[in-house]
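Everything below concerns the one structure shown next.
The values are calculated or read from the model by the stated rules, or taken from the named source; none is laboratory data. Since the model is a prediction, treat every value here as computed from it, not as a measurement. Quick reminder, even Gly has a Cβ in these numbers, built from the backbone with ideal geometry, and neighbours come from all protein chains shown.
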Amino acid sequence: MFNVIKKADILLLIALLAVGFLFSWLSIRGNVTGTYVEAKVNGKVYGRYSLSVNRTVTVRQNGHFNKFIIKNGTAQMEEADCKNQICVHHKPISRVNESIVCLPNRVSLEIVNGNGSKEGGKYDAIAH
Amino acid sequence: MPSLTNNHTLRTRRLTASAMFAALALIFSYIEAILPINVGVPGVKLGLANLIIIIALYELDTRYAFFINLVRICLAGLMFTGVMAMLYSLTGGMISLLVMVFLKKTDRFSMIGVSMAGGVAHNFGQLLIASFVVSNIKMFLYFPILVFTGIASGIGIGIVAYVIDRRLPRMLFR
């Protein structure tokens, strides 16, 4: 049955694998531990919280909520009222550019580095 | 030499086959909706319904495959997955179909290659609309994983589609 596979199939497979590996490499390159987690709603920043302080934050908007916890330098979605619960099952994030996205509620958590950003590293997120 | 009655019979056969395919694709969508595969990355799934779409693409034609897919996505969206998920499916499904039609037209790829490209294209389309919805281009960090899972599920579905297609009675379509 494997004689159905044509040469073009193999080439396509190699090309797609190359694209996959290229993008993996690009995303692993910036592999540094972040200092803040930024919560966004609809792409707009909702709040920024230091990863060094263990706490629980609830993002409330449009009658929906996403509760995430910051623990030992990682952020993790604890609870959400979204339908598919994909965000809740997502593994904890800690490295820059990693993110957890809750599509139904349009909420995203993203790890960022405090250096050179607009809010700076001095402010404590608890003041928010 | 197709006479008028023959032509009618053919069209009825194809219509019946399409209806059956749409129903079957809907069942596959349902199976996927109740059996979510959780690997920690959103959007990873088998794409069982694509089995039907590929066979329709080869045995009927592009138009039939397009409408079967459209009916399947709209009904599955309203019945199981919700309107937002329908939007993702629609984008993914249409981009995937477009790529598959194109690759099939070149006549250089087997069903397995076509299905593989379709799987990757589907994931790409969903990611595109998802990053648009949350206005976050960082969604593309999932892209490598979705490329690999798209390849794997595409090849799997392609092989199954090929095996099934050879065993289907020809009189279903012509």
*(1) touching a Leu at 6+ places or on another chain (Cβ under 7 Å); (2) at pLDDT 85 or above; (3) not charged (D, E, K, R): which one isn't true of A:Ser27, the others all being true?*
(2)
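When residues of region B:41-98 are filtered for being charged (D, E, K, R), closer than 20 Å to B:Ile27 by Cβ and assigned to a helix (DSSP H, G or I), how many remain?
Within region B:41-98, the subset charged (D, E, K, R) is B:45, B:59, B:61, B:63, B:72.
Going one step further and asking which of them are closer than 20 Å to B:Ile27 by Cβ, we end up with B:45, B:59, B:72.
Subsequent filtering for residues that are assigned to a helix (DSSP H, G or I) retains B:59, B:72.
The number of residues fulfilling the criteria is 2.
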_Looking at (1) within 9 Å of another protein chain (Cβ to nearest Cβ); (2) closer than 22 Å to A:Gly20 by Cα; (3) hydrophobic (A, V, I, L, M, F, W, C); (4) buried (at least 20 other Cβ atoms within 10 Å of the Cβ), which one does B:Val134 not meet, given that it meets all the others?_
(2)
_So in region B:104-115, with the set limited to residues that are part of a helix (DSSP H, G or I) and either in contact (Cβ under 8 Å) with a residue 60 or more places away in the chain or in contact with a Leu (Cβ under 8 Å, 6 or more places away or on another chain) (or both), which one is farthest from the other protein chains (Cβ to nearest Cβ)?_
B:Lys104
*Check A:Ser27, A:Ser52 and return the single one that is more than 30 Å from B:Arg108 (Cα to Cα) and away from chain B (no Cβ under 14 Å).*
A:Ser52
*Can you pull out the residues in region A:37-51 that are within 15 Å of A:Pro92 (Cβ to Cβ) and of a type outside the set (A, V, I, L, M)?*
A:Tyr49
*How many of the residues in region B:116-154 are hydrophobic (A, V, I, L, M, F, W, C) and not in a helix (DSSP H, G or I)?*
1
*Among the residues of region A:55-112, write down those that are hydroxyl-bearing (Ser, Thr, Tyr) and facing chain B (nearest Cβ under 10 Å).*
A:Ser99, A:Ser108
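Please enumerate the residues belonging to region A:95-109 that are of a type in the set (S, T, N, Q) and over 10 Å from the mean Cα position of the chain (by Cα). Explain how you work it out, then say what you get.
Here is the first cut: in region A:95-109, the residues of a type in the set (S, T, N, Q) are A:97, A:99, A:105, A:108.
Listed by number, the list holds a single entry, A:Asn105.
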*Only listed residue being buried (at least 20 other Cβ atoms within 10 Å of the Cβ) and at pLDDT 90 or above, chosen from B:Leu75, B:Leu90, B:Leu98, B:Leu57*: B:Leu57
